[in-house]
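Participant: To start, I am sharing the structure in question, which I have written as structure tokens.
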């Protein structure tokens, strides 16, 4: 079990796509034609064997559109954790009060999305792939589209007025023990982690930061400055989210 993909929501998909391709060093992004089921268009970026996705509404009354309206702008939208046995996870979740809002069951890919009111801060998804190293949502040949500047996703951070309560919801969703971490809390998920931090300005829990493995920090910082993104050291703010680029 580990974080395999993070999704953001943006109102201007084309501009955001150009920004991410340059920042991450991706020559191309992938657009999934099947995401129109949700009334969305998207772009997906390969980062090592992990993925960053941006979704944008193209039809009225979509969940992502309502999210953008509530937030008043772009922001963190979904956390996708790959699991070994989704059926087993579904049996476990049946003993909780957490609701499932979407199910996808294909021959080589399965997923469930959990209700963000039950697990606040982003939409949690549990996904199973066969074989485990594959990733259907990224399309054919995703390995050849890997970004040159970034190697993978290390962590996400959800900020709220009560990080322990928020963290306990996510711990129940993924069946993992919540652990203290400095002034906040964390879930360790197969070498990746979800952090929960206090934010006095948080009207509601929100995914506000992502940690990435940096392959080429000078290229990342140079691209951020050339685009005109807000940057403080190796942290770049884009799409309403802090991107922390870390050398590992």
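Participant: For the stretch 236-248, enumerate the residues that are assigned to a strand (DSSP E or B) and either loosely packed, with under 14 Cβ neighbours inside 10 Å or in contact (Cβ under 8 Å) with a residue 12 or more places away in the chain (or both).
Facilitator: Correct list: 236, 238, 241, 242, 243, 244, 245, 246.
Participant: I would also like to ask the following. Please work out which residue is farthest from residue 70 (Cα to Cα), limiting yourself to the stretch 1-55 and to residues that are in a helix (DSSP H, G or I) and out of contact with any strand residue (DSSP E or B) (no Cβ under 8 Å at 6 or more places or on another chain).
Facilitator: 22
Participant: I've got another one for you. Could you check the stretch 161-184 and list, in sequence order, the residues that are under 13 Å from residue 199 (Cα atoms) and without any contact (Cβ under 8 Å) to a residue 40 or more places away in the chain? Walk me through how you get there before you give the answer.
Facilitator: Here is the first cut: in the stretch 161-184, the residues under 13 Å from residue 199 (Cα atoms) are 161-164, 166, 183-184.
162, 163, 164, 183, 184 - these are the residues of the stretch 161-184 that are under 13 Å from residue 199 (Cα atoms) and without any contact (Cβ under 8 Å) to a residue 40 or more places away in the chain.
Participant: Test residue 195 against the criterion of being in contact with a helix residue (DSSP H, G or I) (Cβ under 8 Å, 6 or more places away or on another chain) and part of a strand (DSSP E or B), and give yes or no.
Facilitator: So residue 195 does not fit the description; no.
Participant: Give just the number: which of (1) under 16 Å from residue 24 (Cβ atoms); (2) assigned to a strand (DSSP E or B); (3) touching a residue at least 60 places away in the same chain (Cβ under 8 Å) does residue 220 not satisfy?
Facilitator: Going through the list (1) under 16 Å from residue 24 (Cβ atoms); (2) assigned to a strand (DSSP E or B); (3) touching a residue at least 60 places away in the same chain (Cβ under 8 Å), residue 220 breaks only (2).
Quick grid of which residues meet (1) over 19 Å from residue 191 (Cα atoms); (2) out of contact with any strand residue (DSSP E or B) (no Cβ under 6 Å at 6 or more places or on another chain):
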position	(1), (2)
85	no, yes
102	yes, no
107	yes, yes
113	yes, no
127	no, no
147	yes, no
159	yes, no
167	no, no
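Participant: Consider residue 210 carefully, then state whether it is over 20 Å from the mean Cα position of the chain (by Cα) and touching a residue at least 60 places away in the same chain (Cβ under 8 Å).
Facilitator: Details: over 20 Å from the mean Cα position of the chain (by Cα): no; touching a residue at least 60 places away in the same chain (Cβ under 8 Å): yes.
Answer is no for this residue.
Participant: Okay, moving on. When both residues are 6+ apart or on different chains and their Cβ atoms are under 8 Å apart, which pairs have a first residue that lies in the stretch 100-120 and is under 21 Å from residue 205 (Cα atoms), and a second that is modelled with pLDDT under 95 and assigned to a loop (DSSP other than H, G, I, E, B)?
Facilitator: What qualifies is 120/204.
Participant: Related question: Picking from 181, 209, which residue would you name as being surrounded by fewer than 20 Cβ atoms within 10 Å (Cβ to Cβ), touching a strand residue (DSSP E or B) at 6+ places or on another chain (Cβ under 9 Å) and over 18 Å from residue 74 (Cβ atoms)?
Facilitator: Going through 181, 209 in turn, the sole match is 181.
The values are calculated or read from the model by the stated rules, or taken from the named source; none is laboratory data. Note that the structure is predicted; figures quoted are calculated from it, not measured. Counting neighbours? That spans all protein chains shown, and the Cβs are built from the backbone with ideal geometry, glycine included.
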